[in-house]
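Taking it in order: structure first as structure tokens, then the write-up.
What follows is calculated from the coordinates using simple rules that are stated; it is not laboratory data. Every value quoted in this text rests on a predicted model; they were computed, and no experiment measured them. Here the Cβ is made from the backbone with ideal geometry for all residues, glycine too, and neighbour counts use every protein chain on show.
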Amino acid sequence: MELRQLRYFVAVAEELNFGRAAARLHIASPSLSQQIKSLERDLGVRLFERDRRTVALTAYGETLLPRTRALLEQADDLRRTARGFAVSEPVRLGYVSWRPADLEERVSGVARLLVDAWVMPSHTQAARVADGSIDLAICWVRATDLAEQQLAGRLVGVDQLYAVSVGYESSVRAQDTVVLVDADTATWSSWNIYALEFARSTGASVERIDDHGITGPAFFDHVRRLGRPVLSSPKRDATPWPSGITRRPVVDPVPMWTWSLVSRWDEASPAVLAAVEALTRDVVVDFGAAPYWLPGDDPFRPGALTYQP
């Protein structure tokens, strides 16, 4: 029996769905199922009743769940105490628009994470790590940026970008899309760099704007005005989708946007290093079989999941 298997048991018990639990744990569903079966063999009891449609705790599972949670909390507390994290300064993390949904859960037991409330552009967050304002940042960076600012980056997530248009829902070739480039480089520097290189590489059209319409209501206004599929940025936005506006897959190639967990290359804090390891250790990204596109200076092109100058 391993603590890892006990964490798997708790995740499945909370989700009551192997697929969701596997996604939460960042492992494959078949592997999770095998680990649960192995745990059941070690314990000598059946923890779950499962069929093709449902998963339910058995009476044994119901009884063991609170004790398992308590045991895991004791293990986490022991780890915090042993490593001195209980009295250490918190690890300060900034982000742009995306962060893992289970961010705090991943670092539980190894560091006290303080998520910075200031949501800033990628280049700004990377610079804040370099000057020591924060310890870590989840942002988009190029290999050149990492080298120039003496930063290390590890892959923590990937977005597959899509196009937005009026009416159609079918896939669209990259060369038939439009990319928006905003005049405000203080806010949209990273996106502008990505968009312009994407256009040069694929033949997509460039539309220059000055109203921050990369996201928000102005973005949908541009989609209507242009009458062509417009590539959407990875910037999360709560604006409701207007009626008649659709999302379309982009193909030949598929545009991918990588998210890096950035730290200082000479970082010596055990808490920061432990947080980096916890947040990236089990990250598995499948770019798929279809041709995809990454910028030429992306630090995570095929075969490279970490970068350090």
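Observations on the model:
- FRET efficiency, residue 75 to residue 210 (Cβ-Cβ, R0 41 Å, nearest 0.05): 0.15
- Two-site label geometry, residue 196 and residue 297: point separation in nm, points 7 Å out along Cα→Cβ: 1.0
- Taking 0.36 nm per residue of separation and subtracting the Cα-Cα distance, full extension of the segment from residue 189 to residue 45 would add 46.2 nm.
- Computed lengthening from residue 282 to residue 17, 0.36 nm per intervening residue step minus Cα-Cα distance: 93.4 nm
- Cα gyration tensor, the stretch 1-104 - rounded (a/c under 1.5), prolate or oblate: oblate
- Length released on extending from residue 267 to residue 169, taking residue separation times 0.36 nm less the Cα-Cα span: 30.6 nm
- Viscosity 1.002 mPa s, temperature 20 °C, Stokes-Einstein D of the stretch 177-309 from Kirkwood C-alpha radius, µm²/s: 125
- Each of 31, 21, 60 was scored by the projection of its Cα onto the charge dipole of the stretch 3-83, and the greatest displacement toward the positive side belongs to 31; charges sit on the C-beta of Lys, Arg, Asp and Glu.
- Label positions at residue 101 and residue 3, each projected 7 Å from the Cα along the C-beta direction, are separated by 2.6 nm.
- Share, in percent, of DSSP beta bridges within the chain that are antiparallel, nearest 5: 60
- Each Lys or Arg adds one and each Asp or Glu subtracts one; over the other residues with Cβ under 11 Å from the Cβ of residue 135, this totals 0.
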